Amino acid sequence: MAHHFANTIPTRLLMWQRVREYAVPPSMIETATARRVVGDWAGACAAARIDIDLDLRAVRHRHGIELVTRLRADLRRLAPDLLRWHMPRIAPAGRLRPGLTISLAHYRTPGATTLQLVVRTPPAWTDAGQRMSLALWEGQGEKSGDGVPGYRSHPHPHPDRRFRLDLHRHLWDAGRSGELARRCGAGGTVAVAPPPPPGPPRAPGLSPWAVARWAAEAELLLRAEGRPRGAFAVRLGERSRTVLELVAPDDSHAPTLRPLRETPAPQDIAALPLLPEAAARVPPDLELLRAGLVAAERLHPLVAAALAAYGPTAAYGPTTAYGPTAAYESVVAFGRVAAASGPVPEPGDPHRVECRGQVHRIALRDGVLTAVDHDPDQLHREELLVALGGPPLPCLRAIDTVHRTPEALPAVRERLDHGDVAGALAVVEGLLGPGAVLRDGPLREELESAAARRIDHGLFRSGLFRSGLVVGRTGVSAGAVEGGNAAGTGHAGAGRRPRIDRHTPPAARLKRSRRARPRNGQID
């Protein structure tokens, strides 16, 4: 029986559609671009919610002026909003993949040390605000974490092989963003077909694998590993990997791929170079354009300029003349298009409610949502009757519903999940007015929860959760966090006793070592 692909859009594409709408708002892109084009790379990172965990003066004192010059040049070319746009994410909400250390650039030094500019995502329990951090990794040893907030508590402080962007500078370097069209696997011939990944069959044209680019990307990977030719692995699924070999008659011929005659042992496959995720898969933006789930003008301006030829519309001109001034103008235009196409209500269109046989209006007056067709004294009397247990007016019932569970609650929740607190508050103020007082309900709970979760990120950055007593948003709780688990919120009540190490306060260590210590597992 033939498979029918009508109306079978993959769930992964629906997730990326929501990510492209909420994860990197137009205001962030516009602010970060405006600061980047004037050379303020630190301000651009702040606008994109990226913390700076490196000190250029300390790097110059330790490694010399030549390395600092190269590092500063890369930081000025860094587009932090573009980096956030291309960061790996997890289903179903599309949040940043937690606990990652991704390499952005390598720097060779006269010694044996290889420095790497890396970006880190916090653990899952402290990813409120969806913030990232930029640091310099100095290879093996404890020197990489000296003075870096949250380094010792990071679950994976070493760069990840699967998610690496040092071979894909076009995903974070504003000057090379136009290479996305050439390296996205949009065209070309398939040299070798990998075994199909597990899951339901996909519609033609919606395959996520960039097989046509695997040979060229594998050549870059092996060259970076110091191997002109050889075998490499491609991760197709959680427990599925294929091993291919890059071969060519000589240097004048384009390399091709072929499967190995004998399947290596699992430990040998794990030791092979791994093709990065950015090279193995087609970028989600290209898939969204092909599926018609997003318009080109809704993409990041740098991405839209590179993929204009593959989308249904070519909103941006050729990429050859895309300089800093043109980039800033395109970003401003992108913000205007996004604001114009969003669900913004008209200012003269108030809510209408049938109240006592008449149609009454509900609109913003003096910064507060109110029933404009009722006298203020009448509204005050009705509110007193409701407080005494009487039935509310339909107008007051409608206002109460908007305060507790508005129709825009899913949009507010999506923005809060991706760390866009300013955008969520702007939606709430547009609904209720800047002078409104939130009432108990799902809307207030979402805002309070988002504010409370940011405390966990502050504890992670400061390293306070490493001590025996952890001050969380629910107060003082026993049970230190080891390996990136939560502290003081949900995980502290699991019955685990805090581990004694050199970070344990002396008073707590002394009480735990006494024979007459309390047997209830609590430390006073």
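Name the single residue, out of those in region 98-127 being assigned to a strand (DSSP E or B) and not aliphatic (A, V, I, L, M), that is surrounded by the fewest Cβ atoms within 10 Å (Cβ to Cβ). Walk me through it before giving the result.
Step one: filter region 98-127 for residues assigned to a strand (DSSP E or B), giving 101-108, 114-120.
Filter once more, so that each one left must be not aliphatic (A, V, I, L, M): 101, 103, 106-108, 114, 116, 120.
Working: THR101: 23, SER103: 20, HIS106: 15, TYR107: 19, ARG108: 10, THR114: 12, GLN116: 21, ARG120: 24.
Step by step, filter region 98-127, then rank; the result is ARG108.
Could you check region 412-437 and list, in sequence order, the residues that are within 20 Å of the chain's Cα centre (by Cα), small (Gly, Ala, Ser) and open to solvent by 20 Å² or more (accessible area, probe 1.4 Å)?
Passing the criteria: only ALA422.
Scan region 359-376 and give yes if some residue there is open to solvent by 30 Å² or more (accessible area, probe 1.4 Å) and part of a helix (DSSP H, G or I), otherwise no. Please lay out each step first, then the result.
First, pick out the residues of region 359-376 that are open to solvent by 30 Å² or more (accessible area, probe 1.4 Å): 359, 361, 364-366, 368, 370, 372-373, 375-376.
Retained after the next criterion (residues that are part of a helix (DSSP H, G or I)): 376.
Checked against the condition, which is being open to solvent by 30 Å² or more (accessible area, probe 1.4 Å) and part of a helix (DSSP H, G or I), region 359-376 yields at least one hit.
Evaluate the following for LEU82: is it open to solvent by less than 70 Å² (accessible area, probe 1.4 Å), under 28 Å from GLU287 (Cα atoms), in a helix (DSSP H, G or I) and modelled with pLDDT under 95?
no
So, in region 16-75, exactly how many residues are among the β-branched types (Val, Ile, Thr), in contact (Cβ under 8 Å) with a residue 24 or more places away in the chain and assigned to a helix (DSSP H, G or I)?
Total meeting the criteria: 5.
Within region 417-439, does at least one residue satisfy the condition of being over 30 Å from ALA91 (Cβ atoms) and among the acidic types (Asp, Glu)?
There is at least one residue in region 417-439 that is over 30 Å from ALA91 (Cβ atoms) and among the acidic types (Asp, Glu).
May I ask you to verify whether ARG76 is open to solvent by 40 Å² or more (accessible area, probe 1.4 Å), under 14 Å from ASP173 (Cβ atoms) and either modelled with pLDDT of 95 or more or not hydrophobic (A, V, I, L, M, F, W, C) (or both)?
Numbers: open to solvent by 40 Å² or more (accessible area, probe 1.4 Å): yes; under 14 Å from ASP173 (Cβ atoms): yes; either modelled with pLDDT of 95 or more or not hydrophobic (A, V, I, L, M, F, W, C) (or both): yes.
Yes, satisfied.
What are the residues in region 163-193 that are at pLDDT below 50 and either part of a helix (DSSP H, G or I) or open to solvent by less than 40 Å² (accessible area, probe 1.4 Å) (or both), if any?
Of everything in region 163-193, just one residue is at pLDDT below 50 and either part of a helix (DSSP H, G or I) or open to solvent by less than 40 Å² (accessible area, probe 1.4 Å) (or both), namely VAL192.
Name every residue in region 438-450 that is open to solvent by less than 60 Å² (accessible area, probe 1.4 Å) and either free of Cβ contacts under 8 Å to residues at least 60 places away in the same chain or under 12 Å from LEU369 (Cα atoms) (or both), in order of residue number.
Listed by number, the residues that qualify are LEU438, GLY441, PRO442, LEU443, GLU446, LEU447, SER449.
I need a count of the residues in region 56-75 that are of a type in the set (A, V, I, L, M, F, W, C) and farther than 22 Å from ARG176 by Cβ.
Total meeting the criteria: 4.
Would you point out the residue of region 212-236, among those that are in contact with a Gly (Cβ under 7 Å, 6 or more places away or on another chain) and of a type outside the set (Gly, Ala, Ser), that is surrounded by the most Cβ atoms within 10 Å (Cβ to Cβ)?
ARG213
Have a look at PRO149, PRO92, PRO159 and point out the one that is open to solvent by 40 Å² or more (accessible area, probe 1.4 Å), in a loop (DSSP other than H, G, I, E, B) and at pLDDT 75 or above.
PRO92
Take the residues in region 13-61 that are open to solvent by 40 Å² or more (accessible area, probe 1.4 Å) and charged (D, E, K, R), then tell me which one is farthest from the chain's Cα centre (by Cα).
Per the stated criteria, the residue is ARG60.
Out of the residues in region 286-310 that are small (Gly, Ala, Ser) and not in a helix (DSSP H, G or I), which is most open to solvent (accessible area, probe 1.4 Å)?
Within region 286-310, the match that is most open to solvent (accessible area, probe 1.4 Å) is GLY292.
What tally of residues in region 383-431 results from selecting those that are out of contact with any Cys (no Cβ under 7 Å at 6 or more places or on another chain), farther than 22 Å from GLU445 by Cβ and outside any helix (DSSP H, G or I)?
4
In region 264-285, is there at least one residue being in contact with a strand residue (DSSP E or B) (Cβ under 7 Å, 6 or more places away or on another chain) and in a helix (DSSP H, G or I)?
So far as region 264-285 goes, yes, one or more of its residues are in contact with a strand residue (DSSP E or B) (Cβ under 7 Å, 6 or more places away or on another chain) and in a helix (DSSP H, G or I).
The values are calculated or read from the model by the stated rules, or taken from the named source; none is laboratory data. From a predicted model like this one, the values you see are computed outputs, not experimental measurements. Reconstructed Cβ throughout: ideal geometry from the backbone, glycine too, with neighbour counts over all protein chains shown. Protein only, heavy atoms only, side chains kept; ligands, DNA and RNA dropped before computing areas. Shrake-Rupley method; radii C 1.70, N 1.55, O 1.52, S 1.80 Å.
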